[in-house]
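Reading through the C-alpha cells given below for one structure.
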Amino acid sequence: MKKLLAALLLTASTLSIAGPKVEFKTSMGDFVVELNPEKAPKTVENFLGYVNSGFYNGTIFHRVINNFMVQGGGFTPDMQQKPTKAPIPLESNNGLSNVVYSIAMARTNVPDSATAQFFVNVVNNKNLDFPRPDGHGYAVFGMVIKGTETIDKIKAVSTVSKRPFADVPSTTIVINSAKVIGK
C-alpha cells in the first residue's frame, strides 16, 4: 500500500507544471517564490518584467504588519517611490487564495491599479480573496516555497511611522536582489 501511495504521489508531482521561480536576497535573509502563470498570466508577466529589469534591487519592505502581511517592491531606503510601468488588470478571480506565504499584488482602492508592489501574506487572509473585501479582492500569483523563516523574521520587526507612512520597519529591510532562478 505504501509503495502504491508513493507511486501515485510521484506521478501526481510529475504531472504538475512548475512555474518560474524568483529568488529574493534581502538584508534579513533569502526566500524563493514560485509563480503561477496559468492562474495569473498578466500578473506573472508584469512581475517578471520588474524582476528581469532589476527594478526590485535596492527597494525595501516598507510596510510590515505582523499577523497580516509584509509589503515591498516600490520604495527606496529613503522612502522615495520608484516610477513604475502602467497598472495591470486585476486577476483576483483566479481561484488562488491569500493564504499564509502566498504572494499577491498590492493595489490602491482602484481595482486595476497594481504596478510593482507586492505583499506576502503572513497569516491566512482569505478576507482578501475575490470578491472580498471591496468586491474585487487581491490577486495572488505565487507562493513562497523556500525561506519562510526569512518572511517570519521580517514580519516580527518593530515598526515606526515615517509620515505619511505607518508600519515602516524601524531597521530598513533591503531587497538586495531579485532574480529568476528557474522554471
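If only residues of the stretch 119-132 that are among the charged types (D, E, K, R) and either over 23 Å from Leu48 (Cα atoms) or assigned to a helix (DSSP H, G or I) (or both) are counted, the one that is farthest from the chain's Cα centre (by Cα) is Arg132.
Please go through the stretch 92-118 and give me each residue that is under 14 Å from the mean Cα position of the chain (by Cα) and among the aliphatic types (A, V, I, L, M), ordered by number. Full working, then the answer.
Within the stretch 92-118, the subset under 14 Å from the mean Cα position of the chain (by Cα) is 92, 96-107, 114-118.
Leu96, Val99, Val100, Ile103, Ala104, Met105, Ala106, Ala114, Ala116, listed by residue number.
Specify the residue that is farthest from Asp152 (Cα to Cα); the eligible residues are those in the stretch 26-45 that are in a strand (DSSP E or B) and among the aliphatic types (A, V, I, L, M). Let's see the steps before the verdict.
If we filter the stretch 26-45 for residues that are in a strand (DSSP E or B), which is where we start, we get 26, 29-35.
Going one step further and asking which of them are among the aliphatic types (A, V, I, L, M), we end up with 32-33, 35.
Working: Val32: 14, Val33: 15, Leu35: 20 Å.
Among those residues, the one meeting the criterion is Leu35.
Just checking, how many residues over the stretch 130-164 are aliphatic (A, V, I, L, M) and free of Cβ contacts under 8 Å to residues at least 12 places away in the same chain? I'd like the intermediate steps shown before the answer.
First, pick out the residues of the stretch 130-164 that are aliphatic (A, V, I, L, M): 139-140, 143-145, 151, 154, 156-157, 160.
Of the ones still in play, those that are also free of Cβ contacts under 8 Å to residues at least 12 places away in the same chain are 160.
Total meeting the criteria: 1.
Taking the condition hydrophobic (A, V, I, L, M, F, W, C) and under 18 Å from Thr76 (Cα atoms), does Ala116 pass? In short, yes. Residues of the stretch 121-155 that are under 16 Å from Phe31 (Cα atoms) and open to solvent by 60 Å² or more (accessible area, probe 1.4 Å): Met143, Ile145, Lys146, Glu149, Lys153.
Only one of the numbered conditions (1) over 22 Å from Asp30 (Cβ atoms); (2) of a type in the set (Gly, Ala, Ser); (3) open to solvent by less than 10 Å² (accessible area, probe 1.4 Å); (4) part of a strand (DSSP E or B) is violated by Ser161, and that is (3).
In the stretch 38-60, the residues that are more than 13 Å from Val140 (Cα to Cα) and aromatic (Phe, Trp, Tyr) reach residues that are open to solvent by less than 70 Å² (accessible area, probe 1.4 Å) and part of a helix (DSSP H, G or I) with C-beta atoms within less than 9 angstrom, at least six apart or across chains, in these pairs: Phe55/Gly49; Tyr56/Tyr50. The set of residues from the stretch 52-109 being among the hydrophobic types (A, V, I, L, M, F, W, C), in a loop (DSSP other than H, G, I, E, B) and either touching a Cys at 6+ places or on another chain (Cβ under 8 Å) or open to solvent by 30 Å² or more (accessible area, probe 1.4 Å) (or both) comprises Phe68, Ala86, Leu90, Leu96, Val99, Val100.
Restricting the first member to the stretch 20-37 and to residues that are under 14 Å from Gly49 (Cα atoms), and the second to residues that are open to solvent by less than 40 Å² (accessible area, probe 1.4 Å) and of a type in the set (Phe, Trp, Tyr), the beta-carbon pairs closer than 8 Å and six or more apart or on different chains are Val22/Phe47; Leu35/Phe47; Leu35/Phe141.
The values are calculated or read from the model by the stated rules, or taken from the named source; none is laboratory data. All values reported here derive from a predicted model rather than from experimental measurement. A quick note on method: Cβ atoms are made from the backbone with ideal geometry, for glycine too, and the neighbour counts reach across all protein chains shown. Areas reflect the complete protein model, heavy atoms only, side chains present, ligands, DNA and RNA absent. Shrake-Rupley method; radii C 1.70, N 1.55, O 1.52, S 1.80 Å.
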